[in-house]
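Note sheet for the following structure.
The values are calculated or read from the model by the stated rules, or taken from the named source; none is laboratory data. What you are looking at is a predicted structure, and each value in this text was computed from that prediction instead of being measured. Ideal geometry is used to build each Cβ from the backbone, glycine not excepted, and the neighbour counts take in all protein chains shown. In case anyone asks, the SASA skips ligands and DNA or RNA and just uses the protein heavy atoms, side chains included. Shrake-Rupley method; radii C 1.70, N 1.55, O 1.52, S 1.80 Å.
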Amino acid sequence: MNESKPGLTITSIALLVILFLQLPVIVVVLAAFSTTSYLTIPPQGLTLKWFAKVLSDPVYLDAIRISLMLAVGSTAISLVLGVAAAYALFKRMLPGTEALTSFLMAPLILPSVVIGVALLQYYSLIGWRGSFAALLLAHVIITVPYIVRSALASLAGVDTSVEEAARVLGANGFTAFRLVTLPLIKPGLVAGALFAFVTSMENVPVTIFVASAKQTTLPILIFSSVEMGVDPSIAAVSTLLIVATVFVLWLAERWTGFHRFI
């Protein structure tokens, strides 16, 4: 009996820590169902009107549309560029592999505000400021590192002799990679794509410097709304984001079991 007490204590502490970390999420979700026009915990009654307000408000819908376009577009482009870069780095096709890897990982180290200010100055210099292409490129810059990192980790666990065997049997380099290596690293790529998608969806520091007044993303809209006053509609849209994220993670886990590569 004495031997089970330490384990029980550790489990209890772990559960308390998890509960503490989830308290902000719980508070936001509860506030989204309040009948009052201001945030209150516990909620005063239960209603879905704030969700209806968000889903019928053109401002919110336009912000969601722009955020999804950026997230999907930047993730797709980052997958193509990131996988190609990771494969070249893994195979050491270019000189200075370590330096190139550090360069590609730099956006993970540099403060987002620094990247945003640098892009703002550069776009102003070349006349790109305010265009959607410039904003999309900015998101690609901050999402590519997640793809490169996950792809390199996945490639490190792949038996290279399998791809070599495919080439011996007559497949060219691209076919061997597409039919043999790519399916083997798919779970890692899904994990990297999820990180890239979430990073793009929730980014504020870079977007706020690069986006024009007509390119209001959902995080910037939430940020601006909080400055002017908080109402349960902010909690409602945050709850929708939480539910959507959990659902996507669940689908990805069922599809690929990507947790093994995180």
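The residues 224, 78, sorted by heavy-atom accessible surface at 1.4 Å with ligands and nucleic acids left out, run 224, 78 from largest to smallest.
On the principal axes of its alpha carbon atoms, segment 148-188 extends 30, 15, 13 Å, with the longest extent given first.
Any idea how far the Cα center of segment 46-108 sits from the one of segment 188-215, in Å? That distance is 5 Å. Considering only Cα atoms, the convex hull volume of the chain works out to 199 Å³ per residue. For the chain, the longest principal axis of the alpha carbon atoms and the long axis of helix 112-126 meet at an angle near 70°. For segment 50-137, list log₁₀ I(q)/I(0) at each q in 0.14, 0.16, 0.25 Å⁻¹, using the Debye formula over Cα point scatterers of equal strength and ignoring solvent, two decimals each. Per q value, in the given order, log10 I(q)/I(0) is -0.74, -0.89, -1.20.
Charging the Cβ of each Asp and Glu at -1 and of each Lys and Arg at +1, and nothing else, the dipole of segment 144-218 about its Cα centre rounds to 200 debye. Accessible surface area normalised per residue over the chain is 58 Å², counting heavy atoms of protein chains with a 1.4 Å rolling probe. Specify whether the C-alpha gyration tensor of segment 1-155 places it in the rounded, prolate or oblate class, a ≥ b ≥ c being the square roots of the eigenvalues: rounded for a/c under 1.5, otherwise prolate if a/b is larger than b/c and oblate if not. Here segment 1-155 falls in the oblate category.
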